[in-house]
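Written out below as structure tokens is the structure these notes cover.
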Amino acid sequence: MASIVRNFIAGKWVDSLGGQCFEKTNPADTREVVASVTISAGEDVDRAVEAARRAHRDWKALPAPKRGEILFRAGELLLRKKHELGTLVTREMGKVLAEGLGDVQEAIDMAYLMAGEGRRLSGETVPSELPDKDCKSVREPHGVTALITPWNFPTAIPAWKIFPALICGNTVVLKPSSATPACAAGLVQALQEAGVPEGVVNLVLGPGEEVGEYLATHPGVDAVSFTGSCSAGEHLETLLGAKHRPLALEMGGKNAIIVMDDADLHLALEGVLWGAFGTSGQRCTASSRVLVHASLYERFLEALKSATERLKIGPGLNPSTDVGPLVNEQQLSRVLKYIGIGQEEGARLVFGGNRILDGDRAHGYFVEPTIFADVLPRMRIAQEEIFGPVVSVLRFATLEEAITIVNDVPFGLSSAMYTRDVNTSARAERDLQTGLVYINASTIGAEIQLPFGGWKHSGSGHPEAGGRGGALDFYSRVKVIYRDFSGRLQKAQIDS
Ligand code: UN1
């Protein structure tokens, strides 16, 4: 049944002032309307930012452990609603149900982690060079944070941002992707039910180019966190640079798995299938390149092809489905365009390459998992992010060559290596230029207790998740306090 999804402003679910709506359909079968969604404009954003500003003072004044208790309750509620929300993730975004549930689990994990951080929001205390003087640093919130989130992890990524923002004492205006508004509303509702005070979390729904940009550049916003495409992220960077507004960006990836000649091939094959075709390749961390040692290249390719043939493509709610649909028409044409580019560039299409149009699947955005072999490092399909179930298989002869190929792209989010040799692993760990490195595991599957962030064009250097060294460092700013209780003028660097 279709739900009605509204903005959430100052503790109330409200239609946009313009009163317009759009219909969000199920990507596995577009005949099913998942939600009727309000479309906001600038004035709705103004109201949300105003509500967040009003709420900030009291929220900041609430002791962090108390804020943490509310977040803990939100985690408990999400756990109770896990099946309902996970199913909604699958209906609205398309990923298979096990992954839909995993998406919600990641939000729960983040709620619990940040709830605990409420009792640990530490700064530093250090000795002074002068007697009778304290030196310490404390963390303070920025104020109102604008959080702009994508559709591929429609509850996890908003949670990655909301929970650390809140525990640090910020208030929030969330603008989720128009492809997954109902999931965002489900998450916000759990926060409301957990007792987050009025105005502390607000939700505005509408197109990114208008509503998202208006929000990010709003004079009432103090910090912005964005996850999405490189072009949108870099556009925001240009707009916000002159405003001196803290901006965290998580953008694309062109992640690679290296399969060394001593790898456990069965394990590597499983890792490639999971990393390349899980979530239909719609992860920033998806394994879109596989580098296979020349000595086992054809053997590995053959095994990959026959394993891919066995994958079942269908609606994510069907328990036998391995790979769900793409999220929408736009992604479908993007993926098909890149499949065309690969063929024009002369890569060998080993499997897939087509939209699936039989039976009920004609009503969804299904594409065959696609394998290109004999891909050369400079080809566009080996350089550019596709964000779909398309994997490029490359050949290499030495470890140095493999590492050079992996690093020689504009992105630097995730990489992986399969090897049984500890020395080979250590060299890869040292030399791979990505924010995440996996050994004997795929490029996907980061856990929230460590920072998650990309290097180079993949990110801005402010990682998500983790604690200190991760999200807490972005959502708080440091204040240094020197307290002199000597009762006389003391001069640092001068008094000896
Ligand atoms: C993404 O790739 O878009 O590491 C986010 C993972 C998930 C999050 C991925 N925990 O695969």
Testing the spin-label approximation: label points 7 Å from Cα along Cα→Cβ at residue 488 and residue 433. State their distance in nm.
5.6
Which parts of segment 191-211 would a label at residue 341 reach, counting a residue when its backbone N lies under 20 Å from a point 7 Å out along Cα-to-Cβ?
none
Applying 1/(1 + (r/R0)^6) with R0 = 22 Å to the Cβ-Cβ distance of residue 397 and residue 264, what FRET efficiency is obtained, to the nearest 0.05?
0.60
Before anything else, pin down the relative contact order of segment 256-439: Cα pairs under 8 Å, at least 6 apart, normalised by residue count, whole percent.
27
Around residue 240, what is the net charge, scoring Lys/Arg as +1 and Asp/Glu as -1 over all other residues with Cβ under 14 Å from its Cβ?
-2
Tally Lys and Arg at +1 and Asp and Glu at -1 over the other residues with C-beta under 11 Å from the C-beta of residue 475: what net charge comes out?
-2
Quick one: what are the phi-derived ³J(HN,Hα) couplings along segment 2-18, Karplus 6.51/-1.76/1.60 with θ = phi - 60°, whole Hz, x for glycine and proline?
6, 9, 9, 10, 10, 5, 10, 10, 6, x, 10, 7, 10, 5, 5, 5, x
Under Karplus coefficients 6.51, -1.76 and 1.60, residue-wise ³J(HN,Hα) of segment 270-277 in Hz, glycine/proline x:
4, x, 5, 4, 5, x, 8, 10
Taking protein heavy atoms only, a 1.4 Å probe, and rounding to whole percent, the accessible area of the chain owed to carbon and sulfur comes out at 52
At a Förster radius of 35 Å, what calculated FRET efficiency corresponds to the Cβ-Cβ distance of residue 62 and residue 209, to the nearest 0.05?
0.50
Sorting 372, 452 on solvent-accessible surface, 1.4 Å probe, most exposed first, gives 452, 372
The long-range amide H neighbours of residue 3, using H built 1.01 Å from N in the peptide plane and a cut-off of under 5 Å, are 35, 36
So, counting K/R as plus one and D/E as minus one, what does the shell of residues with Cβ under 9 Å around residue 118 add up to?
+2
In deg cm²/dmol, rounded to 500, what helix-only [θ] at 222 nm does the chain give when every DSSP H run of at least 4 residues adds -39500 (n - 2.57) and the total is split over its residues?
-11500 deg cm²/dmol
Residue-wise HN-Hα coupling along segment 130-145, computed from phi with Karplus coefficients 6.51, -1.76, 1.60 (Hz; x: Gly, Pro):
10, x, 6, 8, 9, 10, 8, 10, 10, 9, 10, x, 6, x, 9, 10
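Which whole-number percent is the relative contact order of segment 293-356 (Cα, under 8 Å, 6+ apart)? Working shown, then result.
Numbers: 34 pairs, mean separation 14.0, N = 64.
Computed value for segment 293-356: 22 percent relative contact order.
Relative contact order (percent) for segment 88-183, with alpha-carbon contacts under 8 angstrom and 6 or more residues of separation? Can you show the working numbers first?
Working: 131 pairs, mean separation 32.5, N = 96.
Normalised by residue count, the contact order of segment 88-183 is 34 percent.
The values are calculated or read from the model by the stated rules, or taken from the named source; none is laboratory data. Being a predicted model, the structure only gives us computed values, none of them experimental. In this analysis, Cβ positions are derived from the backbone assuming ideal geometry, glycine residues included, and neighbour counts consider all displayed protein chains. These area figures cover heavy atoms from the full protein model, side chains too; ligands, DNA and RNA do not enter into them. Shrake-Rupley method; radii C 1.70, N 1.55, O 1.52, S 1.80 Å.
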